[in-house]
1. Does the range 41-66 hold any residues that are within 20 Å of residue 27 (Cβ to Cβ) and among the hydrophobic types (A, V, I, L, M, F, W, C), and which are they?
2. How many residues are surrounded by fewer than 20 Cβ atoms within 10 Å (Cβ to Cβ) and under 21 Å from residue 86 (Cα atoms) when one looks only at the range 22-31?
3. Can you tell me which residue among 46, 75, 66, 18 is within 11 Å of the ligand (Cβ to nearest atom) and without any contact (Cβ under 8 Å) to a residue 24 or more places away in the chain?
4. Can you name the residue in the range 148-175 that is modelled with pLDDT of 60 or more and among the basic types (Lys, Arg) and is also nearest to residue 14 (Cα to Cα) among such residues?
5. Quick check on the range 78-100: of everything there that is among the hydrophobic types (A, V, I, L, M, F, W, C) and within 19 Å of residue 27 (Cβ to Cβ), which residue is nearest to the ligand (Cβ to nearest atom)?
6. Would you check if residue 53 is within 13 Å of the ligand (Cβ to nearest atom) and either closer than 24 Å to residue 95 by Cα or among the acidic types (Asp, Glu) (or both)?
7. Evaluate the following for residue 111: is it outside any helix (DSSP H, G or I), under 14 Å from the mean Cα position of the chain (by Cα) and away from the ligand (no atom under 16 Å from the Cβ)?
8. Residue pairs, Cβ under 7 Å, 6 or more apart or interchain, first in the range 124-152 and closer than 18 Å to residue 162 by Cβ and without any contact (Cβ under 8 Å) to a residue 24 or more places away in the chain, second β-branched (Val, Ile, Thr) and surrounded by 15 or more Cβ atoms within 10 Å (Cβ to Cβ). List them.
Amino acid sequence: MPTTNNQRPTTRIGYGWDSHEFKRGIPLKIGGVTIAHPKGLGGHSDGDVLLHAITDALLGAIAGPDIGSLFPPSDPQWKGADSVVFLREALKRVQAAGYVVANLDSTLILVEPKIGPHAAIIRAHVAELLGISPNAVGIKAKTPEGMGTDNAAIAHVAVLLEKVARASRKKKGTG
Ligand code: MG
């Protein structure tokens, strides 16, 4: 049976992908965490490849506009922007659509720095930004064998959204 506005699906999946090029002498931010490294990720904003992929996964899950449509690189107001702003807007739209994040999984693809030593803090920070448990955030990393992308960082993200329980939505009024 097709669903209607009154019968929203119980769960929705979202997928996001992003890449940024390493540039010398700028801070490296991954998942909102600043990591000590000689090179950071270039871009119009702070270049946080993981937060951008998470933002697009959230927006995709609700069939919303993508990150580039909401925050165009051509718009000077997003120059050097903290990517947390993009994530918060996506999360707001997810909540407005009646969903919460159930869990998220990610894979980072980059030569260096090694993500392993930073994975726990990135996981905790992303979980806090999304308001979910760190146990619901997967942070994995691989090196780009044979891909020729040694000066880039790539992020893939899948998210699962769950419909907010009817009872908790009713409290707001019309239900
Ligand atoms: Mg990006």
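The values are calculated or read from the model by the stated rules, or taken from the named source; none is laboratory data. The model shown is predicted, which means the values in this text are computed figures rather than measured ones. Note that we place each Cβ from the backbone using ideal geometry, even for glycine, and neighbour counts take in every protein chain shown.
1. First, pick out the residues of the range 41-66 that are within 20 Å of residue 27 (Cβ to Cβ): 41-55.
Result: 41, 49, 50, 51, 53, 54.
2. Taking the range 22-31 as the starting set, the residues that turn out to be surrounded by fewer than 20 Cβ atoms within 10 Å (Cβ to Cβ) are 23-27.
From what is left, the residues that are under 21 Å from residue 86 (Cα atoms) are 26-27.
Residues flagged as surrounded by fewer than 20 Cβ atoms within 10 Å (Cβ to Cβ) and under 21 Å from residue 86 (Cα atoms) within the range 22-31 amount to 2.
3. On the way: 46 fails: without any contact (Cβ under 8 Å) to a residue 24 or more places away in the chain; 75 fails: within 11 Å of the ligand (Cβ to nearest atom); 18 fails: without any contact (Cβ under 8 Å) to a residue 24 or more places away in the chain.
Among 46, 75, 66, 18, only 66 is within 11 Å of the ligand (Cβ to nearest atom) and without any contact (Cβ under 8 Å) to a residue 24 or more places away in the chain.
4. 163
5. Step one: filter the range 78-100 for residues among the hydrophobic types (A, V, I, L, M, F, W, C), giving 78, 81, 84-87, 90-91, 94, 96-97, 100.
Now drop any that are not within 19 Å of residue 27 (Cβ to Cβ), which leaves 78, 81, 84-87.
Values: 78: 11, 81: 11, 84: 14, 85: 13, 86: 9, 87: 12 Å.
For the range 78-100, the residue satisfying everything is 86.
6. yes
7. no
8. If the second residue must be β-branched (Val, Ile, Thr) and surrounded by 15 or more Cβ atoms within 10 Å (Cβ to Cβ), the pairs left are 127/137.
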